[in-house]
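Notes follow the structure.
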Protein chains: 2
Amino acid sequence: MSIQPVPALEPPYLMAVFTDVRTADETGYPETGARMSELVGANPGLLGHESARTPGGLGITVAYFRDQESLTAWREDLEHRSAMERGREDWYESYTLHVATVERSHGFVRAEH
Amino acid sequence: MSIQPVPALEPPYLMAVFTDVRTADETGYPETGARMSELVGANPGLLGHESARTPGGLGITVAYFRDQESLTAWREDLEHRSAMERGREDWYESYTLHVATVERSHGFVRAEH
């Protein structure tokens, strides 16, 4: 199956948007990214997550959570915290995190022909 | 200057996250994208906007607004509505829009050496 955006979800839910610009240091980054994806996916309140990166440019990762408890568990996860620490040391030139409550959501999927 | 994520902003503010997968139809898409970027930038309540796209994969665009009035003006802009209509006809396989109120934001910028 081809890639799809996370579909519209039933509000209210939470959304964490992480935007970043990387350094040139690739050491350990793909492995840690794969592990973080696995780890956040094990959070029972995770509704979905997705990322995009323009080559040589901005990366945007979005994770959707059912409630504050699930998001807090992810923020406080020790392995995640350790990865973010490593990120500040080695992998990121800069990043921003925006945490929000989603009030509206809608989606479009092209009809099959 | 090199690319930077939109920095952390003072909550509360609004955030519209648009995630999409494109068709192969490029006709008019870059020009319309540039025009939409110009148009949203002219919105006095726009705090910033940014996009990332994995080649052949997901695109994520985020726009940050000071208040609901600014976001509504953007949603109801006739040229924007016309572009979205064209998007559903030609440019998008699928997309999702999430509209949210941001409650927390923080950022990191690597220190100069």
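The HN-Hα couplings worked out from phi for the range A:49-65 by the Karplus form 6.51 cos²θ - 1.76 cosθ + 1.60 (θ = phi - 60°) are 8, 7, 9, 9, 9, 6, x, x, x, 6, x, 10, 10, 10, 10, 10, 10 Hz, whole numbers, x standing for Gly and Pro.
Could you give the dipole magnitude of the protein assembly as shown about its Cα centre, charging the beta-carbon of Lys and Arg +1 and that of Asp and Glu -1, in debye to the nearest 20? The partial results should precede the final answer.
Details: 20 positive and 36 negative charges, 14 e Å.
Computed about the Cα centre, the dipole is about 60 debye.
Only the Cβ atoms of Lys and Arg (+1) and of Asp and Glu (-1) were treated as charged; on that basis the dipole of the range A:28-102 about its Cα centre amounts to roughly 160 debye.
Each residue, B:Ala34 and B:Glu69, gets one label point 7 Å from its Cα in the Cβ direction; the gap between the two is 3.3 nm.
Ballpark to the nearest 100 Å², how much total accessible area do A and B bury together, probe 1.4 Å? Don't skip to the answer; put the middle values down first.
Working: alone 7980 and 7970 Å², together 11880 Å².
Summed over both sides, the interface buries about 4100 Å².
Per residue of A:19-28, other chain Cβ atoms within 10 Å of the residue Cβ number 2 on average.
Using the Kirkwood radius built from alpha carbon pairs, what does the Stokes-Einstein equation give as D for the range B:1-87 at 20 °C and 1.002 mPa s, in µm² per second?
Numbers: Rh = 14.1 Å.
Calculated translational D: 152 µm²/s.
Taking amide H positions as modeled 1.01 Å from N, with prolines and chain starts lacking one, the residues under 5 Å from B:Thr23 and 5 or more places away or on another chain are B:Tyr92, B:Glu93.
Give me a single rounded figure for A:82-89: the average over its residues of other chain Cβ atoms within 10 Å of their Cβ. Walk me through the numbers before you get to the answer.
Numbers: counts 0, 0, 1, 0, 0, 1, 2, 1.
Across the residues of A:82-89, the mean count of other-chain Cβ atoms within 10 Å is 1.
Near B:Glu76: Cβ cut-off under 15 Å, other residues only, Lys/Arg at +1 and Asp/Glu at -1. The net charge is -2. The residue among A:Thr23, A:Leu47, A:Leu71 whose Cα reaches farthest toward the positive pole of the charge dipole of chain A, with charges on the beta-carbon of Lys, Arg, Asp and Glu, is A:Leu47. Principal axis extents of the C-alpha atoms in the protein assembly as shown (largest first, rounded to whole Å): 47, 39, 31.
Considering only B:Pro12, B:Gly87, B:His98, the residue lying farthest towards the positive end of the dipole of chain B is B:Pro12, judged by Cα position with unit charges set on Cβ.
Given DSSP loops and a limit of at most 13 other Cβ atoms within 10 Å, what is the longest stretch of chain A that contains no such GluC sites (Glu not before Pro)? Counting only loop sites that pass the neighbour cut-off, the longest clear stretch is A:27-111.
The values are calculated or read from the model by the stated rules, or taken from the named source; none is laboratory data. Since the model is a prediction, treat every value here as computed from it, not as a measurement. Ideal geometry is used to build each Cβ from the backbone, glycine not excepted, and the neighbour counts take in all protein chains shown. Ligands, DNA and RNA are excluded from the accessible area calculation, which covers all protein heavy atoms including side chains. Shrake-Rupley method; radii C 1.70, N 1.55, O 1.52, S 1.80 Å.
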